[in-house]
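Worksheet for the structure shown next.
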Amino acid sequence: MEVPGLAHNITSPLSPCEGMIKDLSLDAIQLCERDGSKSQDGSISEMEELPVPQNIKISNITCDSFKICWDMEARSKERITHYFIDLNKKENKNSNKFKHKDVPTKLVAKAVPLPMTVRGHWFLSPRTEYTVAVQTASRQTDGDYSVSEWSEIIEFCTADYSIVHLNQLLEKAEVIAGRMLPFSVFYRNQNKEYFDHARDVQGNRMLPSVKDNSGSHGSPISGKLEGIFFSCNTEFNTGKPPQDSPYGRHRFEVQAEALFNPDTNLYFGDFYCMYTAYHYVILVLAPNGSIGDEFCKQRLPALDITNNRFLTCKQNEEGDAGLVFHHAQDVILEVIYTEPLDLALGTVAEISGHQLMSLSTVNAKKDPSCKTCNISVGR
């Protein structure tokens with residue numbers, strides 16, 4: 001059973017869930033203080049007879065829900081009418097000291113059978129560490145509450161987006177992808193030192209590295225999937241890659257077929273923006289049966305390489321042998337290839353344009369207010 005009541009901001013009448021609490025007045029919610037002390041009007045009183053929750057267990061954790069249960073002594077157990085749950089984001093020692101702190105969330109639940117499901121995307125975010133403590137309460141005939149002492153504090157971390165959530169993002173991305181344009185090469189921009197290191201130290205190969213934390217906070221590939229980032233977007237008027245790049249003035253180009261062919265699996269990874277009009281779609285190219293492929297099969301929606309709204313590979317239907325490739329026009333594609341790649345498969349040359357650092361997506365944070373690329377779970 002889900003928690004029926006929430007006091008997200010216990011001092012504000014503008015709580016987003018004020019209307020959800022049917023059995024508790026706003027005054028009663030304000031009394032749910034973490035230290036268990038009485039409020040100014042004395043509406044909550046402590047009574048030792050109420051059992052303190054012990055051995056709290058958290059299970060079935062998702063990106064925006066969890067189940068909680070605990071043990072209790074039998075004494076006065078029949079008097080318990082409600083549970084007060086204190087849920088807080090775990091403090092980050094490296095957090096900005098001048099940033100406004102998150103308001104603690106106080107959950108007020110009827111004393112339902114355990115385990116109890118706590119669910120709510122407005123106070124739970126994916127991949128986030130939380131602390132939780134529980135208090136038992138008994139509602140009196142006059143509306144006041146007797147409460148137990150608070151339990152021990154338990155820590156847990158919410159999960160990544162599931163495939164269900166990623167499919168919701170996928171559907172949103174499809175809406176704005178636009179028409180498909182032809183392309184023939186994948187390209188990767190870096191500084192000269194990057195390619196010198198690949199030649200001299202890495203056996204003339206570019207090696208996969210762990211994806212950064214750019215994009216959706218709940219993305220299951222951030223900080224986990226290893227790969228090499230490529231681009232494939234072309235300029236509308238020339239049909240060729242743009243001459244500007246935020247990542248460096250040296251560009252490696254490789255024929256599309258070397259990375260994308262019938263032996264390659266394609267996965268949808270993310271959809272996000274960075275407080276701008278541009279929207280980004282992250283795709284993963286993984287050779288069939290590779291380590292990267294096995295990772296993606298368990299976590300990401302698979303796409304038909306011949307029929308999707310972002311990146312396609314098809315046999316040429318005009319009689320010529322070979323494959324033809326198309327990319328979506330209205331989103332910027334970030335393509336992760338999961339395997340090492342020999343520089344001998346392509347060419348490295350200096351571009352004639354500028355290095356536009358402002359367009360870099362390295363560790364870029366997603367705009368949580370964008371209605372185009374957000375879904376109704378933790379951002």
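Within the stretch 298-352, which residues are acidic (Asp, Glu) and more than 34 Å from the chain's Cα centre (by Cα)? Passing the criteria: 317, 318, 320, 350. On the given criteria, is residue 130 within 16 Å of residue 58 (Cα to Cα) and of a type in the set (Phe, Trp, Tyr)? Answer is yes for this residue. Is the stretch 257-267 home to any residue that is assigned to a strand (DSSP E or B), hydroxyl-bearing (Ser, Thr, Tyr), surrounded by 23 or more Cβ atoms within 10 Å (Cβ to Cβ) and free of Cβ contacts under 8 Å to residues at least 40 places away in the same chain? Yes: the stretch 257-267 contains one or more residues that are assigned to a strand (DSSP E or B), hydroxyl-bearing (Ser, Thr, Tyr), surrounded by 23 or more Cβ atoms within 10 Å (Cβ to Cβ) and free of Cβ contacts under 8 Å to residues at least 40 places away in the same chain. Of all residues in the stretch 76-95, those that are among the polar types (S, T, N, Q) have Cβ atoms under 6 Å from Cβ atoms of residues that are modelled with pLDDT of 85 or more, 6 or more apart or on another chain, in 76/50; 81/111; 81/138; 81/139; 88/131.
Residue-by-condition table, conditions (1) within 21 Å of residue 165 (Cα to Cα); (2) without any contact (Cβ under 8 Å) to a residue 40 or more places away in the chain; (3) open to solvent by less than 40 Å² (accessible area, probe 1.4 Å):
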| residue | (1), (2), (3) |
| --- | --- |
| 313 | no, no, yes |
| 317 | no, yes, no |
| 322 | no, no, yes |
| 325 | no, no, yes |
| 334 | yes, no, yes |
| 337 | no, no, yes |
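Would you call residue 203 open to solvent by 50 Å² or more (accessible area, probe 1.4 Å) and small (Gly, Ala, Ser)? So residue 203 fits the description; yes. The number of residues in the stretch 270-296 that are buried (at least 19 other Cβ atoms within 10 Å of the Cβ), of a type in the set (A, V, I, L, M, F, W, C) and closer than 20 Å to residue 370 by Cα comes to 4. Candidates 106, 101: the one that is at pLDDT below 95 and over 21 Å from residue 67 (Cα atoms) is 101. Scanning the stretch 160-196 for residues that are in contact with a strand residue (DSSP E or B) (Cβ under 8 Å, 6 or more places away or on another chain), more than 24 Å from residue 307 (Cα to Cα) and open to solvent by less than 20 Å² (accessible area, probe 1.4 Å) yields 189, 195. If you filter the stretch 229-253 down to residues that are in a strand (DSSP E or B), of a type outside the set (Phe, Trp, Tyr) and buried (at least 21 other Cβ atoms within 10 Å of the Cβ), you find that the one that is nearest to the chain's Cα centre (by Cα) is 231. Examine the stretch 294-304 for a residue that is of a type outside the set (A, V, I, L, M, F, W, C), in contact with a helix residue (DSSP H, G or I) (Cβ under 8 Å, 6 or more places away or on another chain), modelled with pLDDT of 95 or more and in a loop (DSSP other than H, G, I, E, B), and state whether such a residue exists. Looking for residues that are of a type outside the set (A, V, I, L, M, F, W, C), in contact with a helix residue (DSSP H, G or I) (Cβ under 8 Å, 6 or more places away or on another chain), modelled with pLDDT of 95 or more and in a loop (DSSP other than H, G, I, E, B), one finds at least one in the stretch 294-304, hence yes. Checking 130, 145 one by one, the residue that is among the aromatic types (Phe, Trp, Tyr), surrounded by 16 or more Cβ atoms within 10 Å (Cβ to Cβ), touching an Asp or Glu at 6+ places or on another chain (Cβ under 8 Å) and within 18 Å of residue 108 (Cβ to Cβ) is 130 and no other.
The values are calculated or read from the model by the stated rules, or taken from the named source; none is laboratory data. As the structure is a prediction and not an experimental result, all values here were calculated from the model. As a convention, Cβ positions derive from the backbone with ideal geometry for all residues, glycine included, and neighbour counts pool all protein chains shown. What goes into the accessible areas is simple: the full protein's heavy atoms, side chains included, and nothing from ligands, DNA or RNA. Shrake-Rupley method; radii C 1.70, N 1.55, O 1.52, S 1.80 Å.
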